[in-house]
1. Can you pull out the residues in the stretch 1-45 that are modelled with pLDDT of 65 or more and assigned to a loop (DSSP other than H, G, I, E, B)?
2. Within the stretch 46-55, can you find the residues that are among the small types (Gly, Ala, Ser), surrounded by 10 or more Cβ atoms within 10 Å (Cβ to Cβ) and not in a helix (DSSP H, G or I)?
Amino acid sequence: MADISLHYSSKAPLAGTFTAFNQIFATWRRRAQERRELASLDYRTVRDLGLSSSEIQFEANKPFWRG
């Protein structure tokens, strides 16, 4: 008769994967929020930052998944 034993490991193999996905999604949410805020800056603030309106537009229009 064969002995069959089931082993349960508290270190789930997908636990790291879920953590990585959560970090990626958090980064994407942060980028999207920052780009919305950047797009809403007025001319005076943009000028004070030393940026041009085309630089602001370029960055604000990038998709959230692009760094």
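The values are calculated or read from the model by the stated rules, or taken from the named source; none is laboratory data. In this text, all values refer to a predicted model and were calculated from it rather than measured experimentally. With ideal geometry, Cβ positions are generated from the backbone for all residues, glycine too; neighbour counts draw on all protein chains shown.
1. Here is the first cut: in the stretch 1-45, the residues modelled with pLDDT of 65 or more are 13-45.
Selection gives PRO13, LEU14, SER40, LEU41, ASP42.
2. Here is the first cut: in the stretch 46-55, the residues among the small types (Gly, Ala, Ser) are 50, 52-54.
Cutting the leftovers down to surrounded by 10 or more Cβ atoms within 10 Å (Cβ to Cβ) gives us 52-53.
If the condition is that a residue be among the small types (Gly, Ala, Ser), surrounded by 10 or more Cβ atoms within 10 Å (Cβ to Cβ) and not in a helix (DSSP H, G or I), then SER52 is the only one that fits.
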